[in-house]
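Notes to accompany the following structure.
The values are calculated or read from the model by the stated rules, or taken from the named source; none is laboratory data. Treat the numbers as computed from the prediction; the structure is a model and nothing was measured. We work out accessible area using only protein heavy atoms, side chains counted, and drop any ligands, DNA or RNA first. Shrake-Rupley method; radii C 1.70, N 1.55, O 1.52, S 1.80 Å.
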Amino acid sequence: MTSLSGIIPWLYMAAYLVIGWRLHVIRWHLGLKIASGAAMVVAPPLLFMLPALRNPSGNFSDLLMATGVGMLVMGALCLLGGAVASHLRERSRRA
């Protein structure tokens, strides 16, 4: 039986895949797409990284920092993956 702690990372990654897909489809300037995607990817990991940066000698600061960095990397990769999947689907429909 899968617990909630096993499901939440998959939901996090799926959400960023969908966000990347939708950002690619929206007709905005590229700079605005990149800025909004970066803002969405950076915000949740900061909730883990800022307490670790404010109190580096804390008990769980290394775990908080590792969690924040992992969330940042996976969020960026999933956002990029969603945009690439949308681009590939659009390209195959044109041909």
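For the stretch 14-92, which whole-number percentage of the solvent-accessible area (1.4 Å probe, protein heavy atoms only) is attributable to carbon and sulfur atoms? If you can, show how the numbers build up before the last one.
Working: 3860 of 5270 Å².
In the stretch 14-92, the share of accessible area belonging to carbon and sulfur is 73 percent.
Once phi is turned into θ = phi - 60°, what whole-Hz ³J(HN,Hα) does the Karplus curve with 6.51, -1.76 and 1.60 give for every residue of the stretch 37-44, x standing for Gly and Pro?
Along the stretch 37-44, the couplings run x, 5, 5, 6, 6, 7, 4, x Hz.
What relative contact order, as a whole-number percentage, does the chain give when Cα pairs under 8 Å and 6 or more residues apart are counted? Present the calculation step by step, with values, prior to reporting the outcome.
On the way: 79 pairs, mean separation 39.7, N = 95.
So the answer I get is 42 percent.
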